[in-house]
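To start, the structure under review is shown below, and the notes come after it.
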Amino acid sequence: MEEKIVTVDRQKLLTQLSLKNGLIIAAVSVVLSLVLYFINPLMAYTSLWLGLVLFVLFIALLVYAGKTIRTDAGGFWTFGEAFKSFLIMGLIIASLSTLYNVLLMTVIDPELPVKAGAAIDENTRSMMEKFGSTSEQIDEAMAKAGNNADKLKITPKNVVTSFGVSLAVYGVLALILAAILKKTNQNAPRIQDGFETTE
């Protein structure tokens with residue numbers, strides 16, 4: 001009975017820590033996105049290097065959060081516990097990021113989807129020209145890719161699709177990070193020669 005209570009308390013603690021860290025990372029993400037928006041509204045949509053830097057920073061924040069949760073939870077973390085914690089954080093980050101994007105493109109800057117879509121098209125065309133593509137090839141490729149402005153517009157379909165893709169990405173990251181950051185409880189009793197031991 002006592003072991004069951006301890007397990008329940010531990011799961012509650014892990015959930016609380018995951019919620020807390022998920023909210024912190026989501027807040028950092030939103031603030032950073034706003035700063036970048038006020039510097040250059042189109043930068044986040046046209047700069048590959050910026051995207052890579054932000055991705056690395058995001059992974060670093062998740063790793064730090066994971067280590068913090070593991071330490072606060074006693075210094076150990078099973079794969080299942082870590083996976084669940086990262087999923088909780090991912091759900092919070094995806095939810096708040098989706099809400100932020102909806103507000104950004106409908107309240108803060110309703111013209112952003114059109115401007116960002118045009119910037120992406122121009123950036124794509126310029127890149128393909130550098131690789132030696134002809135105008136016909138570029139037009140054909142961009143026609144197949146579809147209208148970027150339409151993809152960025154806030155519609156129920158686009159919001160659900162974006163949220164779903166985000167969850168899928170966080171699910172994969174959760175599997176990878178949980179496998180890396182899991183840590184066995186060295187003080188847990190183990191069975192040796194038919195007897196329970198903590199050594």
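Data overview
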{"item": "Taking Ser29, Ser135, Ser47 and counting other C-beta atoms within 10 Å, the order from fewest to most", "result": "Ser135, Ser47, Ser29"}
{"item": "Residues Arg10, Arg125, Arg70 arranged by fewest to most Cβ contacts within 10 Å", "result": "Arg10, Arg125, Arg70"}
{"item": "Listed residue (Gly171, Leu57, Thr15) projecting farthest to the positive dipole end of the chain, Cβ model", "result": "Thr15"}
{"item": "Angle in degrees between helix 48-72 and the longest Cα principal axis of the chain, rounded to the nearest 10", "result": "20"}
{"item": "Shape of the chain, Cα gyration tensor, a/c cut at 1.5", "result": "prolate"}
{"item": "222 nm mean residue ellipticity, helices alone, for the chain (DSSP H n ≥ 4; -39,500 (n - 2.57); rounded to 500)", "result": "-26500 deg cm²/dmol"}
{"item": "Cut-off 16 Å, label 7 Å out along Cα→Cβ of Val159, residues of the stretch 80-124 by amide N", "result": "94-110, 113"}
{"item": "Helix 2-39 axis, angle to the chain major axis (alpha carbon atoms, nearest 10°)", "result": "20"}
{"item": "Cβ-Cβ FRET estimate between Thr7 and Lys115, R0 fixed at 45 Å, reported to 0.05", "result": "0.30"}
{"item": "Centre separation in Å (Cα based) which lies between the stretch 75-123 and the stretch 1-70", "result": "11"}
{"item": "Fewest-first sequence of Trp77, Trp49 by Cβ atoms within 10 Å of each Cβ", "result": "Trp49, Trp77"}
{"item": "Residue (of Val107, Ile39, Thr78) at the positive-pole extreme of the stretch 1-153, dipole from beta-carbon charges", "result": "Thr78"}
{"item": "Helix axis angle, 135-145 relative to the chain longest principal axis, alpha carbon, degrees", "result": "40"}
{"item": "Entries of Lys20/Lys144; Lys115/Lys157; Lys84/Lys115 with Cα pairs more than 31 Å apart", "result": "Lys20/Lys144; Lys84/Lys115"}
{"item": "Cα-centre dipole for the stretch 44-199 with unit charges at Cβ (Lys and Arg positive, Asp and Glu negative), debye to 20", "result": "260"}
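We did not get these values from a lab; they are worked out from the coordinates using the rules stated. Being a predicted model, the structure only gives us computed values, none of them experimental. For neighbour counting, all protein chains shown are included, and Cβ atoms are generated from backbone atoms with ideal geometry for every residue, glycine included.
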